[in-house]
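The values are calculated or read from the model by the stated rules, or taken from the named source; none is laboratory data. Keep in mind that what you see is a predicted model, and the values were worked out from it rather than measured. Quick reminder, even Gly has a Cβ in these numbers, built from the backbone with ideal geometry, and neighbours come from all protein chains shown. The accessibility values were calculated without ligands, DNA or RNA, using every heavy atom of the protein model including side chains. Shrake-Rupley method; radii C 1.70, N 1.55, O 1.52, S 1.80 Å.
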Amino acid sequence: MVETISPVVYGTRTRWAGAVALHAVGAAATAAAFGAAVAAAGALLGAPWDRAGVLIVTVVAVLYLGRELTGVRIPVPQLRRQVPDWWRTYFGRPLAAFLYGASLGVGFLTFLGHGTLVVVTVGAASTGRPLLGALVMAPFGVARGLAPLIGARSKRPEDGRDLVDRLSSMPGRARRAANAIALVAIVFAAAASLARSEGGWGEAAAATLAVSFAWASMSKVTGWGRWRRTLSAHALPRRAERFAAWAVPAAESLVPVLTLLGRQRAAAAVALASVAVFSVALLRLAARDGVRVACGCFGRASIDVRVALVRNLVLAATAVSAWSLAIPPDLRLTLPEAADALPALLVAGALAVAAITAWRSTGWLGKGQV
């Protein structure tokens, strides 16, 4: 955005300042809407999870802190996609600046170099309060939306490109240090609140299973070609491979569905059975191929079988905890409090903007204007 939203492109500093403001508003709005939606999803999964929720935030923060300090390979969920360049032409520069900001506000839909946003998102989900989730996530959108301000001194088209090149070539130590400081602050704040909370273990275990298996299922559906190639490496009979192609993601998706319906024990049973089947399949493949095996888990093509088995053991322990600590099912729907009306409106507004954008884009594409 530094090169696209610059004084050179907009002609005058007044127009450029207005574009930056629209960019920041768009990013803040979608970030707040995303935070509200994440917190609402957490509420559906039983949040707030009290001491268990605080512990989850602490553990996730420590993991990503280790990533920043030692370089250990902890994945950061992201789509790694650029925003559409044609928006600038067909929506006009002011509206495009807003839409570019809106597309960046969620964060996970584009590029993320650090895991701090993951930790904040987990924290927003653990609150179970959409308003609080919106307030927690909005600053990220504002910070991302104001990023074009660093190009304030650009006077020629070459200046914007040079600035992008300099930013790309900058060492990552400063960014890692800043994110590490933020994560240390989160760890200390979470650790301090552990003593003031208690309980929530069953709900947290069920929510962890639901999120993990939803991620596993979605990664197969969205990366269908990669999943089929990975599955073919298991050398199953043709009929079994065809059945497993859709049966595995379908079984995985049952875990979050059953959890949302309040059937924690059923969800835990499905998760435990799935983990057992996955482990047997990995051991069978390891006997043939060695330590590095094909694995369609969480969007990865291959994995060290020892790491996969340890992860499966953790998931199995989580499933056992969710089963033993399950609460009676409660299918009653509750209305949001008045304080949560604003984030609900933000979510509805963001969905409306997305629907209108998709509708207009479809019309233009059909007329050959894009």
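Numbers for the structure displayed
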read-out	value
Condition broken by Val293, with the remaining ones in (1) open to solvent by less than 20 Å² (accessible area, probe 1.4 Å); (2) assigned to a helix (DSSP H, G or I); (3) more than 15 Å from Trp215 (Cβ to Cβ) satisfied	(2)
Residue tally, condition within 10 Å of the chain's Cα centre (by Cα) and not hydrophobic (A, V, I, L, M, F, W, C), over region 93-114	1
Selected residue (only one of Ala28, Ala21, Ala40, Ala17 is among the hydrophobic types (A, V, I, L, M, F, W, C) and surrounded by 24 or more Cβ atoms within 10 Å (Cβ to Cβ))	Ala28
Matching residues in region 213-237 - criterion: being under 20 Å from the mean Cα position of the chain (by Cα) and not in a helix (DSSP H, G or I)	Gly223
Count of region 185-232 residues which are closer than 17 Å to Ala322 by Cα and open to solvent by less than 80 Å² (accessible area, probe 1.4 Å)	14
Pick from region 90-136, criterion among the hydrophobic types (A, V, I, L, M, F, W, C) and not in a helix (DSSP H, G or I), ranking: nearest to Leu63 (Cα to Cα)	Leu112
